[in-house]
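To start, the structure under review is shown below, and the notes come after it.
Please treat every number below as a calculation from the coordinates, not as lab data. Since the structure is predicted, the reported quantities are computational estimates derived from the model, not experimental observations. Cβ: placed from backbone, ideal geometry, glycine included. Neighbour counts: every protein chain shown.
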Amino acid sequence: KKTIYFSGIQPTGIPHLGNYFGVIDPWIELQKLKEESIGMILSIVDQHAISLGPLKAEDLRSNTRQMACSLIACGVDPQKTLLFRQSDVPEIAQLSWILGSLQTTSKLARLPQYKEKSEKFKKGDIPVGLLTYPLLQAADVLMFRATHVPVGEDQSQHMNLMGGLAYAFSKTYNTDFLPIPKQVTRKTNARIKSLRDPTKKMSKSSGGDKSRIELTDSREAIFEKCQKAQSDNLGKITYDPENRIAVANLLDLLSAISQKSIEEIPFENWTTLDLKQHLAQEIDQKLEPIRRNLRELENGSKIDVILKENEEKARNLAQENMKEIRKIVGFL
Ligand code: AQP
């Protein structure tokens with residue numbers, strides 16, 4: 001079977017360092033090694049973005065465009081990666097419906113992300129999309145018969161569910177049309193934590209502005225957020241992830257951004273302030289070229305051309321697979 005990498009990112013805001021290290025940077029590394037025979041498909045999952053309830057149409061549209069620009073600004077290469085908008089391929093939603101017939105509501109309701117996000121709603125107000133989110137996510141991947149899924153560590157439970165669905169589809173219909181996709185998660189930096197609460201992951205939609213560094217943050221904003229990041233008053237810096245979780249979080253982030261191991265960071269004589277300043281400096285240096293590329297892309301029309309062209313390419317691939325799936329299921 002052909003090797004196909006697939007991943008998705010929600011246009012729910014500006015990507016942050018968690019998205020960067022969880023998926024964008026690994027994606028760019030894979031892209032460098034890509035051989036002709038390997039497929040790489042990256043989706044801006046705008047249908048997922050309304051799973052917590054509707055957004056203003058204008059906001060969704062501009063967030064989607066901005067996410068596309070951000071991905072290209074970080075180094076996603078449209079010559080090597082098929083970057084497309086999920087809602088341009090309606091076959092995905094049809095496959096999600098088919099997968100729903102193979103899944104129980106209780107299993108979906110037990111998923112940790114559902115439990116966590118549904119707690120923010122009053123009982124009786126939880127949108128259906130929040131529960132069925134993992135079905136749509138599985139459909140994204142299975143639609144393209146992807147074999148490998150680069151994602152952050154937070155997606156492990158959804159990946160298990162996806163594997164179960166591919167297996168159930170194969171058993172139910174006695175077919176091997178849909179491969180069971182493998183999660184691809186780096187051993188290091190697969191979970192970047194919030195700057196304000198190192199027990200939580202850095203996230204676009206929770207934790208507040210100061211908890212995340214967004215790829216568009218200015219130098220001033222980066223220094224301010226690092227300055228205000230949670231640390232402790234225990235004096236000289238030591239790396240002790242069990243007892244000094246907040247300081248360890250900042251060191252982990254510094255290690256990720258500077259591509260140095262913890263042992264290579266000369267923090268012995270640093271104060272917390274020194275650590276925060278080194279961190280801010282490294283982040284700013286890393287993000288400077290991304291910010292520059294992004295400004296150029298946002299003001300130009302290149303991105304609109306790419307999305308338009310890829311709408312057709314992605315749709316053709318999906319339609320071809322959907323024809324076979326419809327036969328297998330009995331719709332044709
Ligand atoms: N903190 C993180 N560390 C490592 N990887 C992360 N990812 C997200 N947060 C971290 C990875 O980024 C990819 C895209 O994520 P998403 O846009 O689908 O949304 P998410 O996983 O729910 O992340 P967010 O930023 O917290 O978004 P919201 O707030 O909108 O739900 C995934 O591969 C994810 O693993």
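Table for the structure above
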quantity: Greater than 19 Å apart at Cα, pairs in Lys182/Lys308; Lys117/Lys228; Lys34/Lys193; Lys117/Lys193; Lys122/Lys201; Lys80/Lys302; calculated: Lys182/Lys308; Lys117/Lys228; Lys34/Lys193; Lys122/Lys201
quantity: Value in Å of the Kirkwood radius, where the stretch 82-156 supplies the Cα pairs that are averaged; calculated: 13.7 Å
quantity: Length-normalised contact order of the chain in % [C-alpha pairs under 8 Å, at least 6 apart]; calculated: 22 percent
quantity: Gly8 long-range amide H proximity, modeled H, under 5 Å; calculated: Ser43
quantity: Relative frequency of Cα-Cα separations exceeding 12 Å in the stretch 132-172, percent; calculated: 58 percent
quantity: Whole-angstrom gap from the stretch 189-222 to the stretch 90-142, using each part's C-alpha centre; calculated: 26 Å
quantity: Sum of -39500 (n - 2.57) over DSSP H runs of 4+, divided by residues of the chain (222 nm, nearest 500); calculated: -16000 deg cm²/dmol
quantity: Environment charge of Leu317, counting only residues whose C-beta is closer than 13 Å and scoring Lys/Arg +1, Asp/Glu -1; calculated: -2
quantity: Coarse-grained scattering of the stretch 246-298 at q = 0.25 Å⁻¹, given as base-10 log I(q)/I(0) from a Debye sum over alpha-carbon atoms; calculated: -0.93
quantity: Cα convex hull volume per residue for the stretch 209-295 (Å³); calculated: 86 Å³
quantity: Normalised contact order of the stretch 209-295, rounded percent, pairs of Cα under 8 Å and 6 or more residues apart; calculated: 36 percent
quantity: Cα lying deepest toward the dipole's positive end in the chain, options Leu131, His158, Cys74, charges on Cβ; calculated: Leu131
quantity: nm² value of the averaged projected area, convex hull over the Cα atoms of the stretch 52-192; calculated: 10.2 nm²
quantity: Longest site-free stretch - the chain; sites: GluC sites (Glu not before Pro), DSSP loop, at most 10 other Cβ within 10 Å; calculated: 120-241
quantity: Phi to ³J(HN,Hα) by Karplus 6.51 cos²θ - 1.76 cosθ + 1.60 over the stretch 234-248, Hz, x for Gly, Pro; calculated: 8, x, 2, 6, 9, 9, 9, x, 7, 9, 10, 4, 5, 5, 4
quantity: Compactness index (Cα Rg / 2.2 N^0.38 Å), the stretch 212-261; calculated: 1.22
quantity: Hydrodynamic radius (Kirkwood) for the stretch 1-99, which is based on Cα pairs only, to one decimal in Å; calculated: 14.3 Å
quantity: Test item: Cα-centred dipole of the chain, Lys/Arg +1 and Asp/Glu -1 on Cβ, debye; calculated: 860 debye
quantity: For the stretch 74-148: relative contact order, % (alpha-carbon pairs under 8 angstrom, 6 or more apart); calculated: 43 percent
quantity: Per principal axis, descending, Cα span of the chain in whole Å; calculated: 69, 44, 39
